[in-house]
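The numbers here are math on the coordinates, done by the rules we state, and not lab data. Being a predicted model, the structure only gives us computed values, none of them experimental. So basically every Cβ, Gly included, is an ideal-geometry build from the backbone, and we count neighbours across all protein chains shown.
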């Protein structure tokens, strides 16, 4: 569920991640500076950390002094994974680690993990650092996705660290940062792939039990492997649909980037596509379009297949295949549900009508070259809200959608100030670059902070939390 933050007292987990052979203890890098640039008090409140002073915040999330009654040393997690469908056993947390675990206001086990916190045994030839631009981009991605109902990690903290980094894919030297994200676990499909590749049955069973009992909060049944795969298929099918309805392209949907809870995380070359363009790609190195906008469901389903393959030692094949075969219909159902949610209308009881409503909208957006954000903004509640917009939607390619939408019932009020604005809040690449340029060229952070406020206003205007299979 895309939940409203629920305040909580600080409650360190009593069941800290303790799976043998899953991680290595590491130490954080020592940075020249710790300049606080972003603290997410909305979500800090959910784990009881919003009352920290800025100095305490920097000590914990810039210098990584342990939180009270929590992990005494950070843990770099071990995993394998398929990267652009090529298996790689030589990966793991190369510039991040698990820093702390705690319970949130809903009782869920939550992780604080890092990005850019220094080298680990898995860094290979990397410096273990994160560019400040990369941190700013992750703030924007997570804030925008949260507002659009996507089950995503939350950017918890960004601290500028005072180092100059050299990168091949952006102007260098460039500024550095360390980021902390709040997630419902950092266990990935790649964690299970590693256990299977090592033929470590005890590790595999421990991972399955951990995922079921501590992350999904369910009692293992007679076939825990198939039980877990069914839950992951449900969550990841919904994740794929949420990307599509948000117009989002993750860019690197490798199996080591798919969280076992179906929560989106680890944002690198992401982009939002302005138009419904199936071939739109985010990563400049995705030459074959493997993770293009229209292929994301295929990619995530393929990753779920790798989890199934990893679980074969714990289950007969048929229950695993049955679980995988649920993905297409679960994805189609999530597309219908999420489309109606963002449109702000009650989902028609007739499944065929809902499918046609969605398909006619997509077809018309493509034929009329209407931007995705513009469409949902104009049609919120199932009716075109302004005279200026009506002229666009009187074109013949919108005829069938107009007819179907006319019978839909609105589910949310439109009295929020956001709906009176002339244009929707969006996050296309030119705006991302402009926000970064203000920081890079003038050290002006105000445009970024104003954009975060605008995104959160949009999230508030959507009113109704999105209920996904998470609950």
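Points to keep in mind about this one:
- Between residue 350 and residue 391, the distance separating the two model label sites (each 7 Å from Cα on the Cα→Cβ line) works out to 3.4 nm.
- Per-residue Cβ neighbour counts within 10 Å put 35, 233 in the sequence 35, 233, beginning with the fewest.
- Inter-probe distance in nm under a simple model that places probes 7 Å from Cα toward Cβ, at residue 325 and residue 51: 5.5 nm
- Region 254-278 and region 87-110 have Cα centres spaced 17 Å apart.
- DSSP bridge analysis restricted to the chain gives an antiparallel fraction near 95%, rounded to the nearest 5.
- Ellipticity estimate at 222 nm from DSSP helix runs (n ≥ 4, -39,500 (n - 2.57)) divided over the chain, nearest 500: -12000 deg cm²/dmol
- Paramagnetic label zone (point 7 Å from Cα along Cα-to-C-beta, residue 409; backbone N under 16 Å) in region 375-391: 381-383
- Subtracting the Cα-Cα distance of residue 83 and residue 205 from their residue separation scaled by 0.36 nm leaves 41.5 nm.
- Spatial offset of region 379-416 relative to region 153-179 amounts to 43 Å, using the alpha carbon center of each.
- Cα centroid of region 1-79 to Cα centroid of region 421-465, whole Å: 26 Å
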